[in-house]
1. For residues in the range B:1-43 being among the small types (Gly, Ala, Ser) and under 17 Å from the mean Cα position of the chain (by Cα), which is nearest to residue A:108 (Cα to Cα)?
2. Can you name the number of the only condition in (1) closer than 30 Å to residue B:9 by Cβ; (2) within 12 Å of the chain's Cα centre (by Cα); (3) away from chain B (no Cβ under 12 Å) that residue A:44 fails?
3. Can residue A:52 be described as within 29 Å of residue B:31 (Cα to Cα), away from chain B (no Cβ under 14 Å) and among the acidic types (Asp, Glu)?
4. When you look at residue A:46, is it surrounded by 13 or more Cβ atoms within 10 Å (Cβ to Cβ), under 27 Å from residue B:109 (Cα atoms) and either among the β-branched types (Val, Ile, Thr) or in contact with a strand residue (DSSP E or B) (Cβ under 6 Å, 6 or more places away or on another chain) (or both), yes or no?
5. Does the range A:66-75 include one or more residues that are within 14 Å of residue A:47 (Cα to Cα), more than 14 Å from chain B (Cβ to nearest Cβ) and part of a loop (DSSP other than H, G, I, E, B)?
6. Restricting attention to strands (runs of 3 or more DSSP E) lying wholly within the range B:16-75, give those where 1 or more residues are of a type in the set (Val, Ile, Thr) and within 14 Å of chain A (Cβ to nearest Cβ).
7. Give me the residue from the range B:76-89 that is part of a loop (DSSP other than H, G, I, E, B) and of a type outside the set (S, T, N, Q) and, out of that set, nearest to residue B:6 (Cα to Cα).
8. Among the residues of the range B:3-15, what is the count of those that are away from chain A (no Cβ under 12 Å) and either of a type in the set (A, V, I, L, M) or assigned to a loop (DSSP other than H, G, I, E, B) (or both)?
Amino acid sequence: GAVVSQHPSWVICKSGTSVKIECRSLDFQATTMFWYRQFPKQSLMLMATSNEGSKATYEQGVEKDKFLINHASLTLSTLTVTSAHPEDSSFYICSPRGGTGLGEQYFGPGTRLTVT
Amino acid sequence: QQQVKQSPQSLIVQKGGISIINCAYENTAFDYFPWYQQFPGKGPALLIAIRPDVSEKKEGRFTISFNKSAKQFSLHIMDSQPGDSATYFCAAISFSGGYNKLIFGAGTRLAVHP
């Protein structure tokens, strides 16, 4: 499978601050990037979808001004959680998809965000 | 109609036994059904996947059985090992139907006891 990295792997921040999470697809070009959020013992919830060079499309109920997504290149996407609050504490997972065939969607190792 | 229902929520199996996880869907436009394995604190990893024109796919100890008419598919883990203890998610996606995004089941927490 493809190699996907996320940085940082875990982060603790204070309420009201912003946190940026980077996702890199190291050995393939991610034409589409999906960002998921996962609460403990729950399934993955899709937050937004972005195509390289385009604005992200957010799922219903996800605040686009709070979760800023940038997909400036085929190998890098970032998620910025602005003005974080304790309820934003979660496991954030990026998932790049290449454009070479069906089902080639991979997942990053995830970033654990804790807002105090 | 976009949901994928997964059961059981949790499963305990003895080492060497067979683990079976079931999923059901409604949307007949789904055309790809992957299974993901997730260990605590890690991202999901693709385990095995199937397309609806095939009734069974086997990779090592992992087998997907697919019943198109019943709109159900299942994951069988043969000779289950303690290292298989993880959360398993079934998923479905329609590449041809417009909503080109994975729909995940709720997950099954598998514990394999030695």
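Coordinate-derived values only; no laboratory data. Just so it is clear, the model here is predicted, and its values are computed rather than measured. Note that we place each Cβ from the backbone using ideal geometry, even for glycine, and neighbour counts take in every protein chain shown.
1. Among residues in the range B:1-43 that are among the small types (Gly, Ala, Ser) and under 17 Å from the mean Cα position of the chain (by Cα), the one nearest to residue A:108 (Cα to Cα) is B:43.
2. Condition (3) is where residue A:44 drops out.
3. yes
4. Considered against the rule, which asks whether it is surrounded by 13 or more Cβ atoms within 10 Å (Cβ to Cβ), under 27 Å from residue B:109 (Cα atoms) and either among the β-branched types (Val, Ile, Thr) or in contact with a strand residue (DSSP E or B) (Cβ under 6 Å, 6 or more places away or on another chain) (or both), residue A:46 comes out as yes.
5. Yes - at least one qualifying residue is present in the range A:66-75.
6. It comes to B:19-25, B:45-50, B:62-67.
7. For the range B:76-89, the residue satisfying everything is B:78.
8. Residues of the range B:3-15 away from chain A (no Cβ under 12 Å): B:7-8, B:11-15.
Now drop any that are not either of a type in the set (A, V, I, L, M) or assigned to a loop (DSSP other than H, G, I, E, B) (or both), which leaves B:8, B:11-13, B:15.
Residues that pass the stated criteria total 5.
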